């Protein structure tokens, strides 16, 4: 009788932990929006990456503590829509549309339409992921994951915002919105991206790989915007490049492509 109340309290505390992490993800997305409205674009980009960390932790925490629930799943999707759907779109909009409007009303419309397309694509990507979660191959994501798409947009704006005293010009602004729209298109594409969910932290690895871990973090700390943009950009382009390579090899060998 003396031990029953503590057991209930401990269970309730463990259940709250993943949802608190999800709330931190939601807050990071909200902060990114506020920072972008206040024209603080580097902190806005950092907040999107903070949201990615919390989004990774909440799911892993729920699995490790066996506190997965339907509520947590739905809450996580809503937080992801804010942090990886609306926040990057608003950050890109606030950073670029005001500048690109100076070059004509057409370019302004192009900018906000690209941002809306990204937000809509993120919503569709999250809805498709939830609908197919039970039957999907856990080794791969269908379409670019929304956190990775958000990382590309946020890192791109963060990268350009650190060019103090340098305006990106029309070419740079057009490139920013093309990157935003492309990230949205890759989210709703059918390209397969490795999920890395099967990566086993307990398995033995070579010592040289252990040395690469601190070098990885040093590189990010040295030039975070550049390194993060490069990493997630390579990840986003890897699937279409591999797909194109397979098509070219089939064409060279005379093998018909699937479905055609």
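The values are calculated or read from the model by the stated rules, or taken from the named source; none is laboratory data. Because the structure is predicted, anything quoted here is derived from the model rather than measured. As a convention, Cβ positions derive from the backbone with ideal geometry for all residues, glycine included, and neighbour counts pool all protein chains shown.
Observations on the model:
- Sole residue being more than 18 Å from residue 160 (Cβ to Cβ), out of contact with any strand residue (DSSP E or B) (no Cβ under 8 Å at 6 or more places or on another chain) and modelled with pLDDT of 95 or more, chosen from 17, 26: 26
- Condition met for residue 97 (in contact (Cβ under 8 Å) with a residue 40 or more places away in the chain, in contact with a helix residue (DSSP H, G or I) (Cβ under 8 Å, 6 or more places away or on another chain) and over 24 Å from residue 223 (Cα atoms)): no
- Here residue 46 qualifies as within 15 Å of the chain's Cα centre (by Cα) and either outside any helix (DSSP H, G or I) or modelled with pLDDT of 90 or more (or both).
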